[in-house]
Every structure is written in structure tokens, then in C-alpha cells.
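Here's the structure we're looking at; comments come further down.
The values are calculated or read from the model by the stated rules, or taken from the named source; none is laboratory data. Keep in mind it's a predicted model, so treat the numbers as computed, not measured. Every residue, glycine as well, gets a Cβ built from its backbone with ideal geometry; the counts of neighbours run over all protein chains shown. Just the protein is used for accessible areas: all its heavy atoms, side chains included, with ligands, DNA and RNA removed. Shrake-Rupley method; radii C 1.70, N 1.55, O 1.52, S 1.80 Å.
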Amino acid sequence: MDNPLSYLSEQLNQWRQEGTYQRLRVLQSESAAHSRFDGKEVINLASNNYLGLTTHPKLREAALEAVRKFGVGSGAVRTISGTMSLHLELEERIAAFKHAKACVVFQSGFAANAGTVAAILGPEDHIISDELNHASIIDGCRLSRAKIHVFPHKDTLAAGNILTELDRAAGRKLLISDGVFSMDGDIGPLPGLTAAAEKHGAIMMVDDAHSSGVLGRNGRGTIDHFGLHGRVQVQVGTLSKAIGVLGGYVCGSRDLIEFLYHRARPFLFSTSHPPAVAAACLAAFDVLEQEPERIQNLWNNTKYFKAGLTSSGFDTGMSETPITPVIVGEPKLAHELSRLLFEEGVLATGIGFPTVPKGKARVRTIVTATHTQEELDRALEAFRRIGKRLGLV
Ligand SMILES: *Cc1c(COP(=O)(O)O)cnc(C)c1O
């Protein structure tokens, strides 16, 4: 009998030939500015650990304490018996931090986006979505079965035109954008989009996964950065990036959150966070308030590293944040650049289609607050040497 899954092996072989097959790199130490992957010490420019919180002593201690007091698991989904006091405390903490009325925490940012969009919209509704929005938004849109209208990246005029065309259409309208785009590191045009949503009575939703802990006062995100408090009805964030742990959340009105308690499928059908996760996240919000110098360091490092790359002649696209892509075009070249960097002691991942559009393959770098200038200099040196070898600069 033929193996009914042989088509998967054929696809994998094709990827190997094309040079886009990816082996998982194995992290053998803490996730930090400098880590060991596959037996090699490297400068880590591939994590989302913007503020170095994955190894912060206060988070570690909070997690350990929660394990001692509450064990390792919550025992159930939130709606059955898995709502612990720590979960509610975390939600209240996040809502206060974001100046929102209420908050619900999900197992991940992915679950927060997909679960929320799918819960609040139905087949008769319309979603107006930036073409570079995150995969979890796209999946949520599909799951909702609403009609999806994609507008060109950051094109507020195009988004407004779609809303105008839909003015007389039946159904609700949701305008949705990433706050910071994860592959390009540029900031969404939220003031313009929010104004368009208000003009046409659409719901405004922002995914702040890469901006929480990075932009706004003490890392409150893009809504705070742009002064849009009270004008964005659905604010999504993640606890997996700058917060350093795991999870996602939605902030908004009390009724939005109560509605999600009843209808968001990841909330209803997947077990809640272990107490250690909730406790570590709580400690992270204390750190955001108590150690603002981390965010300052993050931005100092960002400016330094970005200037180093652009002055060497690399194409860093439209980045405005610590996410700085080095765009090379073909995926094979991106993976080759990544591989040679690794040999020189720098981890930065090659990313190609379908994560980014065809012809826009890149090596993505993310500096953190905890990289030293010496580490950034060594990484820049490696980029320059290999960039010359590959004819990129
Ligand atoms: C990473 C990311 C997510 C998913 O967050 P997780 O907590 O890792 O599931 C959602 N949206 C954007 C824009 C992201 O970059």
C-alpha cells in the first residue's frame, strides 16, 4: 500500500531543493541577548524578548511562588472551574495599565485575535483589514465567515473608500490593523484608521502584540503612543513578547469582555494558564512601571543597530521599531545570509513566502534592551562581512 501522506514528503523534498527547508534551531540555554543554540554561543537577534523579562528575577520568583502556593495547572477551562484569582488579578492589572474598562486573558495572542474576531462577527458582517495583518487576524476573519476586504498596507484612504462603499451595506463593519507590523517593524496609521472607523460607524480593533512594552508610556502600546484612549473598541495584546511569558489579551468595555466569556471559543474550550504563567505576567507589569530604563535601553539599542545596518548599505525597509528586517529578495539568499551569520555567532532568522510576500524575503533582526553595545558591534561586523561576500552591500 502506498503511504497516503507521501505528498508531504514530496513537498519537503521540493523545499530542500529550493533551499527553503527549515530545521528548527534548538535553544539550550535561557532566551537572552546571548544564548546557546545547537551547541553554539550566539548573539540572539531572533527573540521577541524586547525587555529581557524572560529571565527577570522578579518574574522568576513570582512564578516559583505561584507553583508552591497553587501547583502547576489550573485544572479546567475558565468557564468550568479554571478561573483562578490570579487570572482575575492579571486581567484587572492589564485593564488598568491599558486605561481600559475590562480585560480577558487568552492562552496566546493568536487565540486572542482569532477567538475575538470570530466571536464578535458573523457571515453578514464586513471586515476591513490591512494586507500585512498577522496570520491570527486573518484566521479569525476566516473563522467568522464575514466578508473580508483587504486594503493595501497602511493605506488609510483605501480603507476609508471601502468603508464608504459599504455605508449602505447590511451588517457590522470591523476595521482592523496591527499596531506594529511584525515582519516590517513599521507602525500602523492608527489615527487615520480610527477617524475613518468613527466616520463610518465601524468597530476599531488594534493588535498591539509588538508594541506593548515597546511604545507608549511605560510600554502601554500604540493606542497610548497616539493618544487614542477611548476610541479603539477592541485592543489586543500579547504576554508572549515584551512581557516575556505566554498569553494574549483583549481590552475593551465590560460588555465586550463578558460577551467573549460566553462566545470566544479558545476561552470556552481550552484550559486556562497555569498559575505560574499568570503570576509571572503580573510581576512583568510591575517591572514595566518600576524599570522604565529598560524601554529606554531598548530604543537606544534600536537606534544604534538600525543606523549601523543602514549606513552599511542594507535595505531595512520601512522599519520604525526594534524589528529591523534586512531585505534581500529571494528566500534562498535570506536563508544563506542567516546560515552564514550563525556561523559567525549571530542568530537572525531567514523569513520568506508565505510569511512575507514573494520577492521580499529577509533576515529579521530584533534587538533587545539587554544587548550590550559590544554585542551589537560584533553583530554589525558580521552583517557587513557576510553582506559583502553575498554581494548585498
Ligand atoms: C506574535 C503575534 C501574535 C501572536 O502572539 P502569541 O502570544 O505569540 O500567540 C499576534 N499578533 C501579532 C501581530 C504578533 O506579532
Accessible area per residue in Å² at 1.4 Å probe, computed on the range 278-393: 41
Extension gain (nm, one decimal) between GLU198 and GLU165, 0.36 nm per residue minus Cα-Cα: 10.4 nm
Those residues of the range 269-284 whose amide nitrogen sits under 20 Å from the label point placed on SER81, 7 Å along Cα→Cβ: 269-276
Under 20 Å from the ARG60 label point (7 Å along Cα→beta-carbon), backbone N, the range 347-383: 368-372
Cα gyration tensor category, rounded, prolate or oblate, for the range 212-277 with a/c compared to 1.5: oblate
Between the range 303-335 and the range 1-79, the alpha-carbon center distance in angstrom: 24
Where the range 117-171 is the region considered: accessible area per residue in Å², 1.4 Å probe: 49
Antiparallel %, DSSP beta bridges [both residues in the chain], to 5: 55
Packing-based ranking, highest mean first, of 322-328, 92-98, 248-254, 25-31 given that Cβ atoms within 10 Å are counted: 322-328, 248-254, 92-98, 25-31
Peptide ranges 15-23, 365-373, 201-209 listed from the most packed, as the mean C-beta count within 10 angstrom indicates: 201-209, 365-373, 15-23
Amide N of the range 225-269 lying under 13 Å from the label point, which is placed 7 angstrom from the Cα of TRP299 along Cα→Cβ: 225-226
Most to least accessible of HIS229, HIS210 (protein chains only, probe 1.4 Å): HIS229, HIS210
³J(HN,Hα), Karplus 6.51/-1.76/1.60, whole Hz, each residue of the range 156-171, x for Gly, Pro: 5, 4, 4, 4, x, 5, 4, 4, 4, 4, 8, 3, 9, 6, 6, x
Value in Å of the Kirkwood radius, where the range 71-179 supplies the Cα pairs that are averaged: 15.7
Burial ranking of peptide ranges 301-310, 48-57 (average Cβ count within 10 Å, highest at the top): 48-57, 301-310
Summed side-chain charge close to ILE176 - residues other than ILE176 whose Cβ falls under 11 Å, Lys, Arg +1, Asp, Glu -1: -2
Descending semi-axes in Å of the range 332-375, equivalent ellipsoid built from Cα gyration tensor: 23, 13, 6
Probe 1.4 Å - accessible area at LYS147, Å² to nearest ten: 100
Carbon + sulfur, % of accessible area of the chain - ligands and nucleic acids excluded, 1.4 Å: 54
For the chain, alpha-carbon Rg over 2.2 N^0.38 Å: 1.00
Charge dipole (debye, nearest 20) of the range 57-290; +1 at Cβ of Lys and Arg, -1 at Cβ of Asp and Glu: 480
GLU330 accessible area, 1.4 Å probe, all protein chains in place, Å² to nearest 10: 110
Greater than 32 Å apart at Cα, pairs in LYS101/LYS303; LYS241/LYS306; LYS147/LYS303; LYS303/LYS358: LYS101/LYS303; LYS147/LYS303
Solvent-accessible area of GLU91 with every protein chain in place, 1.4 Å probe, in Å² to the nearest 10: 10
Contour excess over end-to-end distance, with Cα ends at ARG217 and ASP255 and 0.36 nm allotted per residue: 11.0 nm
Rg/Rh ratio calculated on Cα atoms of the range 57-290 (Kirkwood radius): 0.98
Simple label model, 7 Å out from Cα along Cβ direction - GLU343 to SER31, nm: 2.8
